[in-house]
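Peer 1: My questions all concern the structure below.
The values are calculated or read from the model by the stated rules, or taken from the named source; none is laboratory data. Since we're looking at a predicted model, the values are computed, not measured. Here Cβ is always computed from backbone atoms with ideal geometry, including for glycine, and neighbour counts include all displayed protein chains. The protein model used for the area step is the full one, side chains on, heavy atoms only, and it has no ligands, DNA or RNA in it. Shrake-Rupley method; radii C 1.70, N 1.55, O 1.52, S 1.80 Å.
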Amino acid sequence: MPKIVDHEQKRRLIAESAWHIIETKGIEHASIRAVAAAAKLSPGALRHYFSTQDELLLFIVDYYLTRAAQNAEGLEISHIPLKAAKEVLLELLPMNSEKRTAISVWWVFAIRSLTSSALQAKMNELTDGLHHLTKTVLGLLADAELLLPSIDIELEKLRLAAVVEGLNILALLRPEQYTPETIERIISSHLRELCRPRAGQ
């Protein structure tokens with residue numbers, strides 16, 4: 001009787017093998033050949049699932065997003081609006097080693113999307129998702145009547161996204177300067193600047 005292959009399980013094994021290489025050695029080592037070896041497949045067998053490295057990278061990003069969403073299900077957000085806004089934003093930043101790994105993958109993905117039509121649509125989707133999240137954070141503050149009335153929410157959602165992405169890349173480039181503690185202070189300071197003077201009291 002022919003052996004039944006669970007293709008989704010095999011794809012998950014490949015994604016997990018790739019992720020382990022990225023965590024331990026860096027994304028530059030996650031080649032088709034290296035991932036195939038880690039997953040105990042031949043490079044030819046791996047190409048049966050992912051014909052290009054871009055397809056593999058796209059699957060790794062989706063794998064991480066799914067795992068991050070599952071982890072976020074148990075996350076308890078504060079009932080205090082300003083604190084909740086900070087907690088949501090910090091979830092997007094490299095506050096631990098796993099998130100640091102994820103963000104390094106994100107930036108490789110972002111750079112490659114500039115020249116890869118296969119990745120561009122996903123990149124646009126993720127950027128739109130970030131804008132939706134920053135607008136939600138601002139809405140949280142506005143609903144609590146903490147946001148300064150002069151704030152242009154449509155403009156600020158873009159500025160807040162730029163703060164998040166700027167911190168992400170600087171934390172990768174200068175981790176000794178942009179420590180988790182410093183990142184948290186920057187986010188706290190930025191949010192306070194958007195709010196009425198008594199908002200943090």
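Peer 1: Please enumerate the residues belonging to the range 140-197 that are acidic (Asp, Glu) and more than 19 Å from Pro81 (Cβ to Cβ).
Peer 2: Once the filter is applied, which keeps residues that are acidic (Asp, Glu) and more than 19 Å from Pro81 (Cβ to Cβ), the range 140-197 yields Asp152, Glu154, Glu165, Glu176, Glu181.
Peer 1: Just the residues that are of a type in the set (A, V, I, L, M, F, W, C) and surrounded by 15 or more Cβ atoms within 10 Å (Cβ to Cβ), please, taken from the range 170-201.
Peer 2: Those that are of a type in the set (A, V, I, L, M, F, W, C) and surrounded by 15 or more Cβ atoms within 10 Å (Cβ to Cβ): Leu170, Ala171, Leu172, Ile183, Ile186, Ile187, Leu191, Leu194, Cys195, Ala199.
Peer 1: May I pose another question? If you take just the helices (runs of 4 or more DSSP H) that sit entirely in the range 74-165, which of them hold at least 3 residues that are more than 26 Å from Glu16 (Cβ to Cβ)?
Peer 2: Output list reads 81-90, 117-143.
Peer 1: Further question on the same structure: Surrounded by 15 or more Cβ atoms within 10 Å (Cβ to Cβ) and under 25 Å from Leu173 (Cβ atoms), is that true of Ile60?
Peer 2: Yes, satisfied.
Peer 1: Touching a helix residue (DSSP H, G or I) at 6+ places or on another chain (Cβ under 6 Å) and not in a loop (DSSP other than H, G, I, E, B): which single residue out of Ala15, Ala69, Ala37, Ala45 fits that description?
Peer 2: Ala15
Peer 1: Here is a further query. Kindly provide the set of residues from the range 22-64 that are closer than 13 Å to Val108 by Cβ and of a type in the set (A, V, I, L, M, F, W, C), ordered by number.
Peer 2: Ile22, Ile27, Ala30, Leu56, Leu57, Leu58, Ile60, Val61
Peer 1: Restricting attention to the range 109-138, and to residues there that are among the small types (Gly, Ala, Ser) and over 14 Å from the mean Cα position of the chain (by Cα), which single residue is most open to solvent (accessible area, probe 1.4 Å)?
Peer 2: Ser117
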